[in-house]
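Reading through the structure tokens given below for one structure.
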Amino acid sequence: MRTEGNRPEHGAEHAPLQATAPVPEQTVPRGAVELSGAMLTPWQAGIGVIAPYDFALDRELWRWAPDDVSLHLTRLPYVHVPVTVDQAAALSRGKGVTRAVRALLAPEPLAVGYACASGSFVHGAAGERELHRTMLAAGAPAAVTTSGALIRALRTLEADRIAVVTPYVDSVTERLLGYLAEHGVGVTSSVGLGLLSHIWRVTYAEVARAVHEVDRPDAQAVYISCTNVLTYDIIAPLERELGKPVIAANQVTMWDLLRAADRRAVAHGQRLLDVAAPSAA
């Protein structure tokens, strides 16, 4: 029985109900971009990278990647040997490369790159071709190796006589020179730093000094080998100083890998990327 104290006011029985809280406005999901009134969630393309077990320069590779590309990195099995021909040969073994490619396939990369210079030239041109075939057989939708990318970069630059800087001992540097010779690339001069470990600690100043030391007037370009050597920030300044292209292992790897994924590497003033740009074609 309703009492007088809780009787509704006159007409209240027929009054419309009022919302107790405002209905929240539609919110934009995290990561979405609003464009012309439509919400579009950006899609990140992926590329896979196989690196040596001692690779320390992940961030350098990312610097060449455009904003819509993610890098999926994995490493080859550890081997307890210094940076010698034996290490390079171990890093190129088919079983390890196959496992590394398959480890990258779940996020469906557009292409897979083998980011090791010595491991891709240690067995010469035939070894590089076999490495490429192994990656494709393991399921890579497209495959790139550092040393294969080097040859394509030199052809793009129309350079067939180069100077070479490496961090290696002589026996490894000689394998690189032999690989270049198989592709008709002459070497005007070369210098190796003789390092057996901790290559990633080589400074920009040391690399620049070696480049100036090795350059010759008849060298059409200078190549800095080894993906564990930092080079991103000094490529453009060295090119201005020498008046010729300066290319590096990580640069050619990312340039070619992104091309295989129908993308473009990002950098300012690096001649390889400028020459290969669509406007320069």
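The values are calculated or read from the model by the stated rules, or taken from the named source; none is laboratory data. Worth saying up front: this structure is predicted, and the values here are computed from it rather than measured. Using ideal geometry, Cβ is built from the backbone for each residue, glycine included, and neighbour counts are taken over all protein chains shown. The accessibility values were calculated without ligands, DNA or RNA, using every heavy atom of the protein model including side chains. Shrake-Rupley method; radii C 1.70, N 1.55, O 1.52, S 1.80 Å.
Structural remarks
- Taking the listed residues 65, 142, the one that is open to solvent by 20 Å² or more (accessible area, probe 1.4 Å) and in contact with a strand residue (DSSP E or B) (Cβ under 9 Å, 6 or more places away or on another chain) is 142, with no other qualifying.
- Among residues of segment 144-158, those that are among the aliphatic types (A, V, I, L, M), farther than 19 Å from residue 109 by Cα and under 15 Å from the mean Cα position of the chain (by Cα), counted: 2
- Of everything in segment 125-139 that is out of contact with any Asp or Glu (no Cβ under 6 Å at 6 or more places or on another chain) and surrounded by fewer than 18 Cβ atoms within 10 Å (Cβ to Cβ), the residue that is farthest from residue 107 (Cα to Cα) is 126.
- Segment 150-175, subset in contact with a Leu (Cβ under 9 Å, 6 or more places away or on another chain) and in a helix (DSSP H, G or I), residue most open to solvent (accessible area, probe 1.4 Å): 156
- Unmet requirement for residue 190, which otherwise passes all of (1) under 18 Å from residue 121 (Cβ atoms); (2) assigned to a loop (DSSP other than H, G, I, E, B); (3) of a type in the set (S, T, N, Q): (2)
- Boolean, residue 188 is modelled with pLDDT of 95 or more, within 19 Å of residue 116 (Cβ to Cβ) and either within 22 Å of the chain's Cα centre (by Cα) or open to solvent by 10 Å² or more (accessible area, probe 1.4 Å) (or both): no
- Checking each residue in segment 109-146 for being more than 29 Å from residue 68 (Cα to Cα) and among the aliphatic types (A, V, I, L, M) picks out 122, 125, 126.
- Annotation: of all residues in segment 202-233 being assigned to a helix (DSSP H, G or I), within 16 Å of residue 164 (Cα to Cα) and aliphatic (A, V, I, L, M), the one that is most open to solvent (accessible area, probe 1.4 Å) is 208.
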